[in-house]
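Reading through the structure tokens given below for one structure.
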Amino acid sequence: MNKSTMRIRLAALLLAATLPIVAMSAAMAAGITLNGIRVGAKDVTALAKFYQSAFGMFEVQRIQNPQMLEIMLDFGATAEAAKANAGADVVIMQRAADDGADTMAHLIFTVTDMDAVVKAIKAAGGKMERDPFEYGNTGIRIGMGIDPAGNHFEMLQFAKR
């Protein structure tokens with residue numbers, strides 16, 4: 001990634017961090033919240049296992065019929081805690097192929113121990129697209145990965161205060 005791309009990414013990160021604050025009152029007034037983030041996989045069950053192993057998520061809902069399978073995952077200390085979590089779910093929906101053609105849409109995770117998460121990702125069958133690096137002198141570490149179905153994800157570890 002060259003400096004220009006990194007500057008654009010940092011600007012996007014800063015904008016993404018400030019926009020929710022600016023829009024919060026309007027969104028709250030309109031009753032708008034983030035419900036989930038959808039990724040696709042040819043083998044939905046295998047990809048759900050990846051996110052469970054790599055990120056410690058739990059299955060909170062499953063929708064299945066002869067035409068499709070969709071698994072929702074969330075965070076929690078236990079499966080019951082994850083089901084009670086009102087935060088946005090990761091929704092894995094069946095797709096025809098894992099060609100990874102769409103690299104723009106991706107999950108963004110905040111992590112507290114980047115190195116441990118990278119090890120878990122690799123152990124669960126994922127790979128790092130870009131190993132973790134510190135962004136300038138900000139204390140922020142960024143890592144970019146790819147899950148076994150070809151979906152891209154980003155991890156941010158903020159400086160400890």
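No lab work stands behind these numbers, since they all come straight from the coordinates. Note that the structure is predicted; figures quoted are calculated from it, not measured. Methodologically, a virtual Cβ is constructed for each residue, glycine included, from the backbone with ideal geometry; neighbour enumeration extends over all protein chains shown.
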Exercise for review: Over segment 34-157, calculate the relative contact order: mean separation of alpha carbon pairs under 8 Å at least 6 apart, over the residue count, as a percent.
Suggested key: 27 percent
Check your understanding: Label-point separation (nm) for THR112 and ARG62, each offset 7 Å from Cα along Cα-to-Cβ?
Key -> 3.0 nm
Study note, to complete from the structure: Distance in nm between LYS42 and LYS160 label points, each 7 Å along Cα→Cβ, equals 4.2 nm
Exercise for review: May I ask for the Kirkwood hydrodynamic radius of segment 34-157, worked out over all distinct Cα pairs and given in angstroms to one decimal?
Suggested key: 14.9 Å
Check your understanding: Straight-line reach from LYS42: which lysines have a Cα under 29 Å away, not including same-chain ones fewer than 8 places off?
Key -> LYS83, LYS119, LYS122, LYS127
Review point. Under a point spin-label approximation (7 Å from Cα along Cα-to-Cβ), what is the GLU70-TYR135 distance to one decimal in nm?
Key: 3.1 nm
**Study point:** Residues with amide H under 5 Å from that of LYS42, placed H, sequence gap 5 or more
**Key:** ARG95, ASP98
